[in-house]
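K.L.:
Starting off with a structure, shown below.
The values are calculated or read from the model by the stated rules, or taken from the named source; none is laboratory data. Please read all numbers here as calculations on a predicted model, not as lab measurements. No Cβ is skipped: glycine too gets one built from the backbone with ideal geometry, and neighbour counts run over all protein chains shown. Each accessible area value is taken on the protein alone, full model and side chains, heavy atoms only, with ligands, DNA and RNA left out. Shrake-Rupley method; radii C 1.70, N 1.55, O 1.52, S 1.80 Å.
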Amino acid sequence: AKAEIFANKMEFAEKTLKSLEKEGSSLSGKIASGVPLGNYAQSPEYQRYKQASSNFITALLRQESGAAISPTEFDRYDKEYMPQPGDSPAVLAQKAETRRVAIEGMKKGAGPGYKSPTVDQPKVRKYNPTTGTIE
């Protein structure tokens, strides 16, 4: 049952990662993620990319170790699985394939009754400063 939950999280995250892959290799996004301003300095697309990459890595590591994830371990997996600034197209393709293999392994671990998630990606809503509402 746990493998099914983790596989669903990984597949759902991968849908976002595929559509926002260039955000992971964005130098400005990487720099902005390290400044104290947090999400204020990051584009909405980069924020979505980071959430999906975190979800993918966390699901993978929880299944593998079941223990708390250290920042060092998370960082290592981020570099192994996710696009980074300066990655060549060949490396980006290799990382995408590595994620695919990890998802397939998790699905196999979930058993023959596993069903992929059918939930569509959430609609991105934006804050309208004029009206003070989220649209």
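K.L.:
Between 39, 77, 12, whose Cα lies farthest towards the positive end of the dipole of the chain when Lys and Arg beta carbons carry +1 and Asp and Glu beta carbons carry -1, centred on the Cα centre?
P.N.:
12
K.L.:
Where does the longest stretch of the chain lie that holds no trypsin sites (Lys or Arg not before Pro) found in a DSSP loop with 13 or fewer other Cβ atoms within 10 Å?
P.N.:
My reading of the result: 1-114 is the longest stretch.
K.L.:
For the chain, modelled as a Gaussian network with Cα springs under 10 Å, which listed residue fluctuates most, 114, 81, 49?
P.N.:
Of 114, 81, 49, the most mobile in the Gaussian network model is 114.
K.L.:
Over the range 10-109, average the accessible area per residue using a 1.4 Å probe and give it in Å², no decimals.
P.N.:
Value for the range 10-109: 55 Å² per residue.
K.L.:
Report ³J(HN,Hα) in whole Hz for each residue of the range 49-56, in order, from the Karplus equation J = 6.51 cos²θ - 1.76 cosθ + 1.60 where θ = phi - 60°; Gly and Pro get x.
P.N.:
4, 5, 5, 5, 5, 5, 4, 4
K.L.:
Can I ask one more? Within the set 22/126; 50/108; 30/126; 15/126; 95/126, which residue pairs have Cα atoms separated by over 29 Å?
P.N.:
Details: 22/126 21 Å; 50/108 26 Å; 30/126 22 Å; 15/126 21 Å; 95/126 31 Å.
Beyond 29 Å between Cα atoms: 95/126.
K.L.:
Simple spin-label model, 7 Å along Cα-to-Cβ: residue 135 to residue 41 in nm?
P.N.:
Simple spin-label model gives 3.0 nm for this pair.
K.L.:
How many angstrom lie between the C-alpha centres of the range 65-104 and the range 1-52?
P.N.:
Taking the Cα centre of each part, the range 65-104 and the range 1-52 sit 12 Å apart.
K.L.:
Carbon-plus-sulfur fraction of the accessible area of the chain, 1.4 Å probe, in percent?
P.N.:
57 percent
K.L.:
Okay, next question. Hey, rough spin-label estimate for residue 127 and residue 90, points 7 angstrom out along Cα→Cβ, what's it come to in nanometres?
P.N.:
Simple spin-label model gives 4.4 nm for this pair.
K.L.:
Report the Cα-based extents of the range 13-135 along its three principal axes, largest first, to the nearest Å.
P.N.:
51, 32, 31
K.L.:
Taking the simple approach of a point 7 Å from Cα along Cα-to-Cβ for both residue 21 and residue 68, what is their distance in nm?
P.N.:
Modelled inter-label distance: 3.6 nm.
K.L.:
To continue, here is another question. Taking the Cα centre of the range 35-135 as origin, work out the dipole magnitude from +1 charges on Lys and Arg Cβ and -1 charges on Asp and Glu Cβ, in debye rounded to 20.
P.N.:
Working: 14 positive and 11 negative charges, 61 e Å.
Charge dipole, the range 35-135, about its Cα centre: 300 debye, nearest 20.
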